[in-house]
Every structure is written in C-alpha cells, then in structure tokens.
Amino acid sequence: MPKGSSGLQVSEQSLGLTAKPTNVRWRVFIMLLLLVTINYVDRAVLSIAMPAVQSDLGLDPAIVGVILSSFFWGYALMQVPSGWLADKYRPDKVVYGAAISWGIVQTLTGFIMGAKSLIFLRVLLGITEAPVMPGASKLQSIWLSSKERGRGATIIDSGAPLGTAVGGPIIIAFMAWFGGWRGALIGAGILTIIIAWLAWRVIKGGPNGNPKVNEAEREYIRKALEEEYEEHKRNASGVKIGAKDYLKARNFWCMCLGWFSFNTVFYGLMTWGPSYLAKTQNLDIKAIGGSILIIFGSGFIGEIIGGLITDKWRDKGGNFNTVMRTMLSIAGIMTAIAIFLLSRSTSVTMAITTLSIALFFLRWGGLYWSIPAAISQREHIGTVGGCMNFAGNIAGIVTPIYIGIIVSITDSYFLALMVFVVAGLLLATVSSLINYNKKIGVAH
C-alpha cells in the first residue's frame with residue numbers, strides 16, 4: 001500500500017474509505033511513458049537513418065555533428081519557458097499540444113532537400129518537443145505522493161532509452177515499407193500524432209477532473225499531497241522564494257550540473273552510437289538497429305529497476321539522501337567503468353555488452369526527474385524542471401558537435417569515450433552533494 005509523504009502512512013483504512021482506489025494515476029504515467037518513448041523515436045530517427053541521409057545529401061562528419069546538435073538548440077532554448085507554461089497553465093494541455101505540434105514538424109522533415117532545411121526543421125522539432133519533460137515533471141506533483149515519485153520519474157524518463165531502443169527497428173522497418181529515410185521520417189510523424197491523441201484521452205484533467213478517478217483514489221492523492229504541503233508550510237521560512245534564492249542554492253546548481261553530465265553521456269551515445277558501431281565494428285544498418293535495440297533496451301530495463309529499488313528502499317524507511325546519493329553515485333561510477341572498458345573492446349560482442357552495461361546503470365540517472373519536486377517550492381516545480389533540462393540539453397547542443405570534431409580530426413572515437421568517462425564520474429560526484437531532504441527556501 002502506498003504511503004504519504006513525511007513518513008506518514010496513508011491507507012484506505014486511515015482515510016475511512018470502503019471502495020478500493022482506482023489506479024488511474026499509474027495509467028497516466030504509462031501514457032506519459034508512451035509519449036516520451038515516441039518523443040525519443042522522433043529524436044533518434046535521424047541518427048539511425050544518418051548513414052543513408054549522409055550518403056544521399058553528401059554530408060561530411062562536421063556538418064553531421066551540427067545537424068545532430070541543431071535539435072537541441074530549440075529544445076534547450078524552450079526549456080525554461082516550457083516549465084513556466086506548465087506551472088502557469090494545465091500541464092496536461094501543454095504536453096498534448098506539444099505532442100501534436102512535434103508530430104507535424106517531424107512529418108515535414110521527410111520533405112527536406114538539404115542541410116539548411118534539415119537544420120531548420122530539427123530546431124523547430126526541438127522547440128515543439130521542449131514542453132514534454134517539464135510538463136510531465138509538473139504532473140508528478142499533481143498525481144503522485146512523494147514516495148511514489150521515484151517510480152513516476154523513472155517511468156517517464158525510461159521512455160528515452162525505450163524510444164531509442166525501439167526506434168532502430170521501427171525506423172528500419174519504416175525505411176523498408178515507405179521507401180527509404182524520407183518515408184521513415186514521415187511515418188514517424190504520423191505515428192506521433194496518433195499516439196498523442198490516444199495519450200490525451202487518458203491524461204486529460206487532474207485527479208479532480210479525470211472522470212476515471214474514483215473518490216477513493218482522489219481522496220488518497222488529496223490526503224498525501226495535503227500532508228506534504230502542510231509539512232513544507234511548517235518548515236518554510238515565511239520569506240517569499242524567488243529566482244535569486246534558487247540561483248544561490250547549491251542544490252540547484254548541483255542538480256543542473258548532474259543532469260548536464262548525465263546527458264553528455266546519453267546524448268553522445270544516442271547521436272553518435274550508430275556511427276560508432278558502423279565505423280569501429282563494421283555493422284550495416286540492419287545490424288546497427290538490432291544492436292541499438294539491445295543497448296538502449298538495457299537502459300530501459302535499468303531505469304525501471306532503478307526506480308523500483310529507490311521506492312522500495314524508501315518504503316522500508318531508507319533516508320531520502322542516502323537512497324538518492326547511493327543510487328546516483330552507482331549510476332555514474334558504473335557508467336564510467338563500462339565506457340572505459342568499451343574503449344578497450346576487441347570484438348562486437350564486447351562493444352555491445354559494455355554499452356549495454358553503461359546504459360543500464362546510466363539510466364538510473366532518470367531519478368533526477370524527482371529532484372525538482374524534492375528541492376523546489378510547489379509553484380516552481382515546472383520552472384525548476386525546465387532549468388534542469390535546459391542545463392542537460394546544453395550537453396545535447398555541444399556534445400554532438402565536439403564529438404564530430406574529435407572524430408573528424410583524430411579519425412578515432414577514443415578521446416570521445418574518455419569524455420564520457422569523465423562525465424560519468426562527475427555525475428556521481430555532484431549527485432552526492434545534493435541535499436534531497438531540503439527544499440530551497442525551507443528553514444531547515
């Protein structure tokens with residue numbers, strides 16, 4: 001039975017309820033998982049198809065790096081505004097509107113004629129995809145108790161490796177069915193619009209507005225969030241918290257730097273992983289698709305397991321600081337070790353195995369999506385989540401570019417892999433410096 005925040009038990013009996021609560025909140029998060037999954041299919045489609053795109057359009061590695069980076073220009077730029085929108089307006093509507101919009105843009109990408117038009121539409125795709133994660137983070141604070149948010153965060157964020165994993169086979173199938181990479185891009189866009197409509201039917205309305213939520217679940221959520229709010233109100237300093245308070249807080253900057261480090265590795269592997277396998281392991285596009293399924297599928301499994309371990313540990317009385325610092329330190333250290341071993345790989349099997357281990361543990365970092373709700377005031381959760389994702393997606397902007405430059409100059413991936421090793425160690429370090437029990441603006 002789930003518990004409320006503050007270590008207080010919240011059960012059907014304690015609430016005096018006779019009906020069994022529905023589990024609509026988990027259906028909401030399964031649909032958010034589906035949306036994030038198609039979100040990453042749409043991001044990964046170009047990386048998977050890039051060998052064919054590069055050949056058809058005659059692109060050199062440096063330009064490919066710029067193209068792979070361009071998505072993140074718009075995506076990073078819109079993170080804070082998207083978080084503000086999620087705080088100001090209904091986050092379910094913000095997420096749905098974003099999904100429909102990026103589906104349309106993805107469809108248009110199938111008609112590009114050169115590098116310039118491709119860069120433009122990738123920037124626009126980034127802008128339209130930007131609200132999904134801040135909006136989903138805000139929905140956590142509306143639907144879930146504090147002790148359910150480990151699962152909530154990792155369910156949502158596990159769509160990233162899942163989308164990247166299934167994106168390979170899906171896009172390869174689309175390329176076969178629809179006549180090449182253009183048809184694959186158009187097919188991915190149409191699929192997005194369909195999934196967005198299906199997701200909207202489930203996520204629309206909060207606990208009080210969703211007709212599928214029964215009174216028992218509605219009361220369970222209300223009671224848990226009310227207790228959390230009352231505790232925070234008791235501990236608050238009474239001083240209005242503004243932007244300068246966040247900008248002066250160690251928690252805020254460590255959160256942003258940790259997410260930057262996480263995304264340095266993930267986006268580096270997502271954008272350049274297929275090309276790495278093609279060049280160093282001599283894999284063709286079909287073999288690359290299968291390899292990506294295994295590698296990023298391991299990341300999906302790892303993220304779900306990481307969320308379950310976290311919530312189980314907390315349910316058994318584990319201190320939030322101890323749990324989060326341990327889980328995220330393991331994530332960073334194991335990622336660094338696995339990537340270092342990848343640099344020494346001597347076979348396809350070893351390369352795929354070490355990459356799978358790296359993604360399995362790296363994706364425990366999806367727990368970061370529970371941090372905005374843990375350290376920020378309720379009315380700022382979307383904005384703080386947007387700030388965190390802005391920092392993370394700066395990595396998305398710069399990593400594909402400098403990896404492309406490194407590969408172009410050295411004709412090797414060794415130095416690029418060493419960057420990922422350092423990023424994994426940095427993730428472990430800064431994650432251990434965050435006080436997960438302290439909200440910014442709380443007296444103690």
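The values are calculated or read from the model by the stated rules, or taken from the named source; none is laboratory data. Given the structure is predicted, the values throughout are model-derived calculations rather than measurements. Cβ atoms come from the backbone with ideal geometry, glycine included; neighbour counts cover every protein chain shown.
Quickly run through the range 35-65 and pick out the residues that are part of a helix (DSSP H, G or I), touching a residue at least 40 places away in the same chain (Cβ under 8 Å), of a type outside the set (A, V, I, L, M) and surrounded by fewer than 21 Cβ atoms within 10 Å (Cβ to Cβ).
P51, D56, P61
Return the total of residues in the range 263-299 being of a type in the set (S, T, N, Q) and within 19 Å of the chain's Cα centre (by Cα).
Pass one, the range 263-299, residues of a type in the set (S, T, N, Q): 263-264, 271, 275, 280-282, 291, 298.
Filter once more, so that each one left must be within 19 Å of the chain's Cα centre (by Cα): 263-264, 271, 298.
Going through the range 263-299 one residue at a time, the tally reaches 4.
To keep it simple, each residue is scored yes or no on (1) surrounded by fewer than 21 Cβ atoms within 10 Å (Cβ to Cβ); (2) under 21 Å from I394 (Cβ atoms).
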| residue | (1), (2) |
| --- | --- |
| D411 | yes, no |
| V422 | yes, yes |
| L426 | yes, yes |
| I434 | no, yes |
| K438 | yes, no |
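Tell me, yes or no, whether the range 205-213 has at least one residue that is in a helix (DSSP H, G or I) and either among the small types (G, A, S) or more than 30 Å from I48 (Cα to Cα) (or both).
no
Just need a number here: residues in the range 300-315 that are among the charged types (D, E, K, R) and surrounded by fewer than 19 Cβ atoms within 10 Å (Cβ to Cβ).
The qualifying residues number 2.
Quick one: would you say R344 is surrounded by fewer than 20 Cβ atoms within 10 Å (Cβ to Cβ), over 30 Å from A243 (Cβ atoms) and modelled with pLDDT of 90 or more?
So R344 fits the description; yes.
Can you tell me which residue within the range 347-377, out of those that are surrounded by fewer than 19 Cβ atoms within 10 Å (Cβ to Cβ) and free of Cβ contacts under 8 Å to residues at least 60 places away in the same chain, is farthest from A153 (Cα to Cα)?
Going through the qualifying residues, I end up with S347.
I'd like the residue in the range 20-34 that is outside any helix (DSSP H, G or I) and in contact with a helix residue (DSSP H, G or I) (Cβ under 6 Å, 6 or more places away or on another chain) and, out of all such residues, is surrounded by the fewest Cβ atoms within 10 Å (Cβ to Cβ). Step through it out loud before you land on a result.
Residues of the range 20-34 outside any helix (DSSP H, G or I): 20-23.
With the extra rule that they be in contact with a helix residue (DSSP H, G or I) (Cβ under 6 Å, 6 or more places away or on another chain), the set shrinks to 21-22.
Working: P21: 21, T22: 17.
Filtering the range 20-34 for residues that are outside any helix (DSSP H, G or I) and in contact with a helix residue (DSSP H, G or I) (Cβ under 6 Å, 6 or more places away or on another chain), the one surrounded by the fewest Cβ atoms within 10 Å (Cβ to Cβ) comes out as T22.
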